[in-house]
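Here's the structure we're looking at; comments come further down.
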Amino acid sequence: MNDAADRLAGVRAAIAEAAKRAQRRADDICLIAVSKTHEADAIRPLIAAGQRHFGENRVQEAAAKWPALRAETPGVTLHLIGQLQSNKAEDAVALFDAIHSVDRPSLVEALGKACAKAGRQPQLFVQVNVGDEAQKGGCAIADLPALLAAAKSAGLAIDGLMAIPPANVEPAPYFALLDELAARHGLPLRSMGMSGDFETAVMLGATHVRVGTALFGERG
Ligand SMILES: *Cc1c(COP(=O)(O)O)cnc(C)c1O
């Protein structure tokens, strides 16, 4: 097996083990391979190994890389995991199958218009700033009910919540908090967990884990 297939098998095994410990089905957890900054040549081995969900954090970078890769392999699902500017909402709706970074009323409004125009809606996650960090994207916990209501008014169906916990502290309480917020609002999906903590996230209810470094190696 090549490196990419080895790494993928390792991450999948770790997800399965964490799911088993939590009495969950591994099939209920979607592994998103975060391919931001990586060239098509680094992505192809993972596709060849069977990986189909990929995450990018910038619309422009994804638009440059993925149409060609998708033409080679039908059935790829593309997730936007980075902040989205309202003026790129139309591009994002055209390119992505899921958007994990819905975080403010102006973006909800732009996405509502873009989805109506396109006649399709990607799966949508509201990103929550669970650590209440000034520098980080995501809606404040206190603003979540109003943002969900705004999405509903804009005709958007919100499928789940996403969070990036503060760096360098134990993430588990933040994963538990996101799970609790999603349950409170009746939302089935939770996008949480990255290379360093995806097993903990799976044990605490993640339905989508976003893993870059553990699959691709360090970003340059
Ligand atoms: C880059 C990124 C990831 C992946 O991080 P790794 O530590 O490389 O696994 C996950 N989620 C978001 C939002 C990211 O920007």
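What follows is calculated from the coordinates using simple rules that are stated; it is not laboratory data. All values derive from a computational prediction rather than experimental measurement. Note that each Cβ is placed from the backbone with ideal geometry, even for glycine, and that neighbours are counted across all protein chains shown.
Tabulated data for the structure shown
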{"read-out": "R0 of 22 Å, Cβ-Cβ distance residue 85-residue 184: FRET efficiency to nearest 0.05", "value": "0.15"}
{"read-out": "Sequence of 161, 107, 148 once ranked by neighbouring C-beta atoms within 10 Å, starting from the fewest", "value": "148, 107, 161"}
{"read-out": "Positive-pole candidate from 33, 68, 102, dipole of region 26-148, charges at beta carbon", "value": "68"}
{"read-out": "Selection from 216, 77, 115 lying farthest towards where the dipole of the chain points positive, charges on Cβ", "value": "115"}
{"read-out": "Filter on 20/136; 88/152; 113/136; 20/65; 65/88; 88/136 - keep pairs with C-alpha separation over 28 Å", "value": "20/136; 20/65"}
{"read-out": "Along each principal axis, Cα extent of region 126-220, largest first, Å", "value": "42, 27, 26"}
{"read-out": "Convex hull (Cα only) mean projected area of the chain, reported in nm² to one decimal", "value": "11.9 nm²"}
{"read-out": "Extended-chain gain in nm, criterion 0.36 nm per residue less alpha-carbon gap, residue 17 and residue 167", "value": "51.5 nm"}
{"read-out": "Net charge dipole size for the chain [Lys, Arg +1 and Asp, Glu -1 on Cβ; Debye, nearest 20]", "value": "460 debye"}
